[in-house]
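A.B. asks: Before we start, here is the structure in question, set down as structure tokens.
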Amino acid sequence: MTNRRGVLLEAYVPNELKESLRRRAAADHRTLSQEITRILTEAVHGQGCRPECRPPPGDSTLRAAAHRPAAAPRSEDLPYVAATARKAAARL
């Protein structure tokens with residue numbers, strides 16, 4: 001047996017999903033292990049995703065946050081007063 005490099009991941013996979021992965025791997029002439037490795041690599045490194053699925057470079061706004069409306073002001077919020085205005089008001 002050859003020396004294998006990597007980590008053995010143990011997880012419960014439902015039979016339907018396992019069979020689906022096995023059929024997909026067979027269609028592409030891969031083993032089940034190779035198919036799982038390919039999927040994990042794409043998930044971690046972002047390869048294989050369509051360009052419209054990935055956010056543009058430099059866009060740090062989360063999609064959910066981009067659609068969230070701004071918070072309404074609350075009655076207990078204090079208005080912003082610049083430090084120079086506070087000092088001037090304190091002198092009076």
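The values are calculated or read from the model by the stated rules, or taken from the named source; none is laboratory data. Because the structure is predicted, anything quoted here is derived from the model rather than measured.
A.B. asks: Among the helices (runs of 4 or more DSSP H) lying completely within the stretch 21-92, list those that include at least 2 residues that are modelled with pLDDT of 85 or more, under 29 Å from the mean Cα position of the chain (by Cα) and on the phi < 0 side of the Ramachandran plot. Spell out the reasoning first.
C.D. replies: Numbers: elements: 32-45, 63-67, 83-91.
So the answer is 32-45.
A.B. asks: Can you pull out the residues in the stretch 2-20 that are hydroxyl-bearing (Ser, Thr, Tyr), within 27 Å of the chain's Cα centre (by Cα) and outside any helix (DSSP H, G or I)? Spell out how you get there, then give the answer.
C.D. replies: So in the stretch 2-20, the residues hydroxyl-bearing (Ser, Thr, Tyr) come out as 2, 12, 20.
Keeping just the survivors that are within 27 Å of the chain's Cα centre (by Cα) gives 12, 20.
Scanning the stretch 2-20 gives a single hit, Tyr12.
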